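Data block below; observations after.
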Amino acid sequence: MDWISALDYPEKITRLYEPELPPLDRVEIGEVSMRECGPDLHVILALSKFPKNPPLEWRKDKCNEVSLELIFRRVEEFSFTRFSVDPICDLEITKNSLVCFSARSNSIELSGKSNSVDIGRISAYIV
């Protein structure tokens, strides 16, 4: 099962990337924050792949990288033991009865379980 099928509402990302959906390989984690309400975990990351047919505004602005916010809702377990310079990793997301997520590399280590996962914001910028 791919990570897209774990999302409650995948349309934001599927419309942008179809037919080739982006992998969560070699993503750069830019921010991790926990919100008491839920509790929810927000993870902002830079995708390793830019869409082939980006929105007109992104093309006009010459953007070349996509920032994606994932919101893990009603977190039941969470571990965050490492975060350092160049937090690049493969992020894994699967869903059975709960959503399981993990990111491990030499510079970052986090994992957890939540009831669901949604996409918050999607934006683009120039690197």
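The values are calculated or read from the model by the stated rules, or taken from the named source; none is laboratory data. Everything numeric here is computed off the predicted structure, so don't read it as measured data. Don't worry about glycine lacking a Cβ; one is built from the backbone with ideal geometry, like all the others, and counts go over all protein chains shown. For accessibility, only protein heavy atoms count, side chains too; no ligands or nucleic acids. Shrake-Rupley method; radii C 1.70, N 1.55, O 1.52, S 1.80 Å.
With a cut-off of 12 Å between beta carbons, the residues surrounding K49 carry a summed charge of -1, where Lys and Arg count +1 and Asp and Glu -1.
About its Cα centre, the chain has a charge dipole of approximately 220 debye under the convention of +1 per Lys or Arg Cβ and -1 per Asp or Glu Cβ, with nothing else charged. Share of the chain's accessible area from carbon and sulfur, percent, 1.4 Å? Carbon and sulfur: 47 percent of the exposed surface of the chain. Around I122, under 9 Å between beta carbons, what's the net of Lys plus Arg minus Asp minus Glu among the other residues? Charge balance in the 9 Å sphere: +1.
What does the charge count near R104 come to, summing +1 for each Lys or Arg and -1 for each Asp or Glu among other residues with Cβ under 12 Å from its Cβ?
Summing Lys and Arg as +1 and Asp and Glu as -1 gives -2.
Per-residue extension of 0.36 nm, minus the Cα-Cα distance of K49 and I4, leaves a gain of 14.7 nm for this segment.
When the chain is treated as a GNM with alpha-carbon contacts under 10 Å, the residue of R73, R15, R26 showing the greatest mean-square fluctuation is R15.
Note on K60 and K12: the extension gain reaches 15.2 nm, defined as 0.36 nm multiplied by sequence separation minus the Cα-Cα distance. Each of (1) 1.03; (2) 1.10; (3) 0.97 is a candidate for Cα Rg over 2.2 N^0.38 Å; the one calculated from this structure is (1). Per-residue ellipticity at 222 nm computed for the chain from its helices equals -2000 deg cm²/dmol, with DSSP H segments shorter than 4 residues left out and the rest contributing -39,500 (n - 2.57). Based on C-alpha pairs under 8 angstrom that are at least 6 apart in sequence, the chain has a relative contact order of 29 percent. At a probe radius of 1.4 angstrom, the accessible area of the chain per residue rounds to 57 square angstrom. Applying the criteria of a DSSP loop state and at most 13 other Cβ atoms within 10 Å to the GluC sites (Glu not before Pro) of region 31-127 yields E36.
For region 1-62, the relative contact order comes to 29 percent (Cα pairs under 8 Å, sequence separation of at least 6).
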